[in-house]
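Below is one structure; the comments refer to it alone.
The values are calculated or read from the model by the stated rules, or taken from the named source; none is laboratory data. Treat the numbers as computed from the prediction; the structure is a model and nothing was measured. Note that we place each Cβ from the backbone using ideal geometry, even for glycine, and neighbour counts take in every protein chain shown. SASA here: full protein model, heavy atoms, side chains in, ligands and nucleic acids out. Shrake-Rupley method; radii C 1.70, N 1.55, O 1.52, S 1.80 Å.
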Amino acid sequence: MTELSSNGTVSYDIVDRIAWVNFNRPEKRNCMSPTLNRDMMEVLDLLEHRDDAGVLVLSGEGTAWSAGMDLKEYFRETEAKGLGATRAAQRESYGWWRRLRWYQKPTIAMVNGWCFGGGYGPLFACDLAFAADEAQFGLSEINWGILPGGGATKVAVELLPFRKAMYHAMMGENIDGKTAADWGLVNESLPLAALKERVMAVANVLLAKNPVALKATKDAVRRVSIMSYDDAEDYLIRAQEAANSYDNHGRKEGIRQFIDEKSYKPGLGAYDKDKAGA
């Protein structure tokens, strides 16, 4: 059953251990307002440690994923209240994006439509991203006289080659889902009619894997990108040791099923994490 956040700007539903979370302002193309930002933090808090939700999928109601920040509510009305209100709004938006980047569970952005400007924050925060061919991506800030803020410039530089990032940020032109996949903004692009089925299939693959290992892996990929090789090597040793302290049984069970039972091959799939060892 679909439920709503306190202010109704976010909807969510858990089906077969997949949490389907949607921006719920379709009449505003799911623009992010201070209210929506607060509601997103509420929903992330609610779902993070629920046993019945193993993967979170973030999408949008209607024809948009998120058209970025609400220019009226987030910018004009907030700025009219002074610097304190502006800083509070920034903390709320950046706060839930940061929370999503380091979320306990695997996260997938399912970009069903428009994804502009500030929408790049949660897009990057999700571990994986799949888009409809029909989706439109754009850093439109330059068209109304500001730089791509809210981390959008950083996202472009992180995900795109330098020349494409520069073109994307400076020109203010939209690209479709196919181009976004080719450039590296998303993992894959496919027809809208096939998008949810593909995301569901990916989510089910993730659900079959060891959740402690998944959390350690997603954190490691984000952390080591800014480290030297030696620092990354040391970090990854410590990260594995920390993961072992949370779930020392899991890796041993995987090795047991491979060596002793010969019931799976690591290169072809995951071990049965729900099976108790002999």
Check: Considering only the chain, what is the antiparallel percent among its DSSP beta bridges, to the nearest 5?
Finding: 30 percent
Next item on the list: With only Lys, Arg, Asp and Glu charged, each at its Cβ (+1 for the first two, -1 for the last two), find how big the charge dipole of the range 61-172 is about the Cα centre; round to the nearest 20 debye.
Entry: 460 debye
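State in Å² the accessible area per residue of the range 61-187; use a 1.4 Å probe, count heavy atoms of protein chains only, and round to the nearest integer.
Per-residue accessible area for the range 61-187 comes out at 45 Å².
Convert 10 °C to kelvin, take the viscosity as 1.306 mPa s, use the Kirkwood radius over C-alpha pairs of the chain as Rh, and evaluate the Stokes-Einstein diffusion coefficient in µm²/s, rounded to a whole number.
My calculation gives 80 µm²/s for D.
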Check: Between rounded, prolate and oblate, where does the range 38-78 land on the alpha carbon gyration tensor, with a ≥ b ≥ c its root eigenvalues, rounded for a/c under 1.5, else prolate if a/b exceeds b/c?
Finding: oblate
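Decide, for the range 88-200, between rounded, prolate and oblate: order the square roots of the alpha carbon gyration tensor eigenvalues as a ≥ b ≥ c, take rounded if a/c falls under 1.5, and otherwise choose prolate if a/b is larger than b/c, else oblate.
It comes out oblate by the Cα gyration axes.
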Checklist line | Rounded to the nearest 20 debye, dipole of the range 152-278 from Cβ charges on Lys, Arg, Asp, Glu | finding: 220 debye
Next item on the list: Quickly work out the Asn143-to-Met166 label distance, labels modelled 7 Å from Cα along the C-beta direction, and quote it in nm with one decimal.
Entry: 2.3 nm
Margin query: Give me the percent of accessible area attributable to carbon and sulfur for the range 12-153, probe 1.4 angstrom.
Written below: 53 percent
Next item on the list: Work out how much length Ala220 to Gln240 would gain on full extension: take 0.36 nm times their residue separation and subtract the Cα-Cα distance, in nm to one decimal.
Entry: 6.2 nm
Check: Which lysines does Lys72 reach when only Cα atoms under 20 Å apart count, and residues fewer than 8 places away in its own chain are ignored?
Finding: Lys28, Lys81
Note to self: Straight-line reach from Lys273: which lysines fall under 21 Å, measuring Cα to Cα and dropping same-chain residues less than 8 apart?
What the structure shows: Lys105, Lys209, Lys215, Lys218, Lys252, Lys262, Lys265
